[in-house]
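A short worksheet on the structure shown next.
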Amino acid sequence: MKKINITASILLSLIGVSQAQVKPKRAITPASSSYTQYVDPLIGTGFHGHVFVGASVPFGAVQLGPSNIHEGWDWCSGYHISDSTILGFQHTHLSGTGIGDLGDISVMPTTGPIMTHAGGPKDTQAQGYYSLFSHKDEVVKPGYYKVKLKRYNIGVQLTASNRVGFHEYTFPKADAAHIIIDLQQGLGWDTPTDTYIKQVNSTTVEGYRFSKGWSKDQRIYFTAVFSKPIKTFGVYDTVGLVKGTSLRGAKIKGVVTFATTANEKVMIKVGISPVSSENALLNIKTEIPGWNFNEVVAAADNAWNLQLQKVKIKTDSLSQMKKFYTAMYHTMIAPSTFNDVNNDYRGTDKKVYKHASFQNSTTYSLWDTYRALNPLYTIIQPERVNDIVNTMLAIYQQQGSLPMWHLMGSETNTMVGYSAVPVIADAYLKGFKGFDTKLAYEAVKATAMRDNFGGLKLYKKLGYIPADTMVETVAMGLEYSIDDAGIAKMAQKIGDKEGYAYYAKRGKNYQNYFDKQTGFMRGRVSETEWRTPFSPFVSRHRQDDYTEGNAWQYTWLVPQDVDGLVKLMGGEKPFIKKLDSLFIAHGDMGKEASPDVSGLIGQYAHGNEPSHHITYLYSFVHQPWKTAEKVRFILNNFYTDKHDGIIGNEDVGQMSAWYVLSSLGIYQVNPSGGQYVFGSPTVNAASIKLPGNKTFDIEVLHNSPKNIYIHDITLNGKKYDKFYIDYQDIMKGGKLVINMTDTHAE
């Protein structure tokens, strides 16, 4: 799938063609016991999806999967469907990010002469131990991965619990069969700084891997327990074999060797911990005490089924089932567990916190996920929301500010804004009470009041960040306004009148970036001067006034105050005219444009998050049919059941969360306690499991590829006239009936 640029007229004609050619099929409902059958983890492994492939459980610490030999940006997760190489099976991976990292504790089975250099087809050094594989030999399911290493004729099966990776290798007859534990290997920017490995006894190896990369100071400990006694154990540095059975250095490797009979199975349980090898062993003993591989596979499958069945849908096609449940699956790879079974964890200050009162987690792509993923969690993962907030508050206490893009106990400081704020504000405004409200309010204000972060000192003084002082000032200021509006709503609910007045004013600072003469949000140098030259089309990746985008896309980044943006543009008619133009505008973004700007309809870019709310803006100006047309087109064309079926980086669940919510017919535009705006559901029915044995049922009448418009809605049998539904009305349980039609009223 390539970038797509579609004018509004072509968009409507394509909708018409699809309606004429596609007939509704018999409704499909999941079997009562298996939802994982509809998940295809290979969706998003092509194009720029960057999704994780391997074995994990929902929100698990372990993401155990193969890593290809790195060939560039599209290998951020370690895997791309175009590749046929494997250099190891690693226990941590990212899913959908635009930067590569992790890839910790790499394990590779081999036979023959010992090789400790991974190598690759283009490697000028020794050939190395990597292997080719065929996708025909792969089986990929939630919680399970299978492949054959062609070079060694070794069968590989992987599964996982929360903190333990479980390997089963089927060896050929070999006098010298090996399992390499390579602590040098990492993904993307990851570089080891200190590694250690030690043989503990005849079946156990332990150690640690410290590294730096996107995560500045990552520390992971491991213990590996083998089902077969170790015959010999060798430790290697960059020069070669070192005497003894333990070694510390920057790039250490351990090699376990034994003889195998034909088709002999050797299993390994690898526990990981942010705290210690002892805790890693405790994780193994607690989570996978035995050696029944199939039992662990079944447990992982059951864990995924329990999560997936929180939303039971009916659709017209198997393709829609696969898209929906694969999207749900992708929303639960992260945030990932970052503690041990005894609740010990390592904080961002590198101190160990014992027996924490909450479940600590990591991998927070907040600039992406605050828009749809976190609002989705408040509906289908309410039991996790308090732990997410408590994790953020602990990070605040340890580093003095809320997380920005937190990864494995380190702040990456990636992207713009302080996007933990709308997540916390949203939770508070929706009534979550499992965290310290006073501390939460303190944390959001302290994070917003820093002088040494992202132009905030000037932003507080001037209401904008001068464009000649730094890059990305427009994106930064617009995100700050969104965040500040969330703080204002918290202040209002808490009863802090002074705080409300102050942050409500800051929430309007987006107005300072709007140039009424050009009609765009643009870089401002002073009260009287705009940055020149100016083109609303040009985008220079993180080198201009925008973040992965241009003025066409960022002009709409005011989800917290759509009515204010309408007024700023001169009223509904000019607003609608401008919004219509977004979807037909053509222009050259330039050679330095970000590859993240994909999934284009005119200048609307669905492949990147700042655009995700825009299609829903029509409903605020009494043209919901335009929302329906564009949302339905995106659902049908920018998400498919193919390998390239995600139009941009998955971004740790955000792209998929947009799909899940939108296919149900709703989307939260305002990220802080906002309402869920109606769009154009593609499901025929859905039942959402809620706390207290309640359900929220959605029935979509007369739905079809032709009937894309909402004719009328009833809620619990009563006519419903709002263009949105409140969170509390969803969580009370009940029944929403949406009646679809093929026509709309102007």
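The values are calculated or read from the model by the stated rules, or taken from the named source; none is laboratory data. Because the structure is predicted, anything quoted here is derived from the model rather than measured. Reconstructed Cβ throughout: ideal geometry from the backbone, glycine too, with neighbour counts over all protein chains shown. Heads up: the accessible areas ignore ligands, DNA and RNA and are worked out on the full protein's heavy atoms, side chains in. Shrake-Rupley method; radii C 1.70, N 1.55, O 1.52, S 1.80 Å.
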Next item on the list: Could you grab me the full set of residues in the range 162-183 that are within 28 Å of the chain's Cα centre (by Cα) and assigned to a strand (DSSP E or B)?
Entry: V164, G165, F166, H167, D182
Check: Inside the range 184-281, counting only strands (runs of 3 or more DSSP E) that do not spill past its ends, which hold 3 or more residues that are of a type in the set (A, V, I, L, M, F, W, C)?
Finding: 218-226, 253-260, 264-273
Notebook entry, point to check: Given (1) over 21 Å from the mean Cα position of the chain (by Cα); (2) open to solvent by 10 Å² or more (accessible area, probe 1.4 Å); (3) at pLDDT 95 or above; (4) under 26 Å from I43 (Cα atoms), where does T695 come up short, assuming only one miss?
Noted result: (4)
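Let's see how each residue does on (1) surrounded by fewer than 19 Cβ atoms within 10 Å (Cβ to Cβ); (2) over 22 Å from P691 (Cα atoms); (3) out of contact with any Asp or Glu (no Cβ under 8 Å at 6 or more places or on another chain):
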residue	(1), (2), (3)
Y377	no, no, yes
P382	yes, no, yes
I388	no, no, yes
N413	yes, yes, yes
A443	no, yes, yes
R450	yes, yes, yes
Check: Which one of these is in contact (Cβ under 8 Å) with a residue 12 or more places away in the chain and open to solvent by less than 10 Å² (accessible area, probe 1.4 Å): N636, N608, N703, N707?
Finding: N608
Checklist line | Y377 assigned to a helix (DSSP H, G or I) and touching a helix residue (DSSP H, G or I) at 6+ places or on another chain (Cβ under 7 Å) | finding: yes
Item checked: Whichever residue in the range 246-266 is under 18 Å from H167 (Cβ atoms) and of a type in the set (D, E, K, R) and, among such residues, is most open to solvent (accessible area, probe 1.4 Å) -> K265
Note to self: Residue under question is V352, and the condition is that it be of a type in the set (A, V, I, L, M), more than 14 Å from G653 (Cα to Cα) and either open to solvent by less than 20 Å² (accessible area, probe 1.4 Å) or without any contact (Cβ under 8 Å) to a residue 24 or more places away in the chain (or both); does it hold?
What the structure shows: no
Note to self: Taking the condition of being crowded, with 24+ Cβ neighbours inside 10 Å and either over 19 Å from the mean Cα position of the chain (by Cα) or under 18 Å from A61 (Cβ atoms) (or both), how many residues in the range 76-85 meet it?
What the structure shows: 2
Notebook entry, point to check: For K122, which of the numbered conditions (1) surrounded by 23 or more Cβ atoms within 10 Å (Cβ to Cβ); (2) at pLDDT below 95; (3) not aliphatic (A, V, I, L, M) fails to hold?
Noted result: (1)
Checklist line | Scan of the range 395-411 for residues that are assigned to a loop (DSSP other than H, G, I, E, B) and open to solvent by less than 10 Å² (accessible area, probe 1.4 Å), ordered by number | finding: L402, P403, W405, G409
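Based on this model, can you work out whether K722 counts as out of contact with any helix residue (DSSP H, G or I) (no Cβ under 9 Å at 6 or more places or on another chain) and either over 21 Å from T369 (Cα atoms) or not in a strand (DSSP E or B) (or both)?
Yes.
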Item checked: the range 299-315, residues that are part of a helix (DSSP H, G or I) and closer than 20 Å to T378 by Cα -> A303, W304, N305, L306, Q307, L308
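Going by what's in this entry, would D483 be described as open to solvent by less than 10 Å² (accessible area, probe 1.4 Å), closer than 23 Å to G674 by Cβ and either touching a Cys at 6+ places or on another chain (Cβ under 6 Å) or among the acidic types (D, E) (or both)?
yes
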Notebook entry, point to check: Quick one: in the range 526-568, which of the residues that are farther than 11 Å from V474 by Cα and β-branched (V, I, T) is most open to solvent (accessible area, probe 1.4 Å)?
Noted result: T528
Notebook entry, point to check: Does the range 569-579 include one or more residues that are out of contact with any strand residue (DSSP E or B) (no Cβ under 7 Å at 6 or more places or on another chain), open to solvent by less than 30 Å² (accessible area, probe 1.4 Å) and more than 13 Å from L617 (Cα to Cα)?
Noted result: yes
Check: Which of the residues belonging to the range 199-219 are open to solvent by 60 Å² or more (accessible area, probe 1.4 Å) and under 13 Å from I230 (Cα atoms)?
Finding: V200, N201, S202
